[in-house]
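A short write-up of the structure that comes next.
Taken together, the values in this text are just the output of simple stated rules run on the coordinates, not laboratory data. Predicted model only: the values in this text are computed from it and were never measured. Using ideal geometry, Cβ is built from the backbone for each residue, glycine included, and neighbour counts are taken over all protein chains shown.
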Amino acid sequence: MRRHLQEIRASGKPAPDKPKTLTVRTATWLITSHPDHLDESSTLKLKKLLSRCPELDAVAACVRSFATMMTERRGSDLESWLASAESTEMKPLQSLARGLRQDFDAVTAGFTLEWSSGKVAGNVNRAKRIKRDGYGRAGRPPPPADPPRRLKIITPPQLPHKKWIRTTTCSYPTSSTGTARHR
């Protein structure tokens, strides 16, 4: 084996490239991307991926139909989509369908109506971030700290009685003051 490897190393040829494996993130991106936005190599990767796993092909079909239903505001198709999602053997899709059924009217209205609370929610998140960033600056007091914790410092008995545990209050990190000894 050693001689064989020495010959290969002496030839000066580079090692062959390892084929790149498809990551979960890339597979998710391929499935959730709009088919018109994928280039030829990505489309080929997606076709290979879906041909290897029929369950994943069913999930991809559900994802595409859900995205179409959202972008084209077809809330009337929600009932049929829920039925197809529940008929798959994929537990996460079945769970999503159950959750959407619990608030069916609101989800249908969200898919059908043109009004959205997205801009309001974005501004609320922005205000919360500004508030978090402002703590400790601009004269505002910092947020309250954790309450002090009670520590038990065990000292060796000085006298022949049993009262050798002393309780004290301090905040972390603890200091090594007091009569605590480390052996």
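General observations
- Between Ala121 and Thr71, the FRET efficiency from the beta-carbon distance, with R0 = 22 Å, is close to 0.70.
- When Rg and the Kirkwood radius Rh are both evaluated on Cα atoms of segment 22-112, their ratio Rg/Rh stands at 1.00.
- In segment 22-112, taking the dipole from charged Cβ atoms about the Cα centre, the farthest positive-side position among Ala106, Leu78, Thr23 is held by Thr23.
- Size of electric dipole in segment 1-123: Cβ of Lys, Arg +1 and of Asp, Glu -1, about Cα centre, debye, nearest 20: 1080 debye
- Extension gain, Lys20 back to Met90 (0.36 nm per residue minus Cα-Cα distance, nm): 22.5 nm
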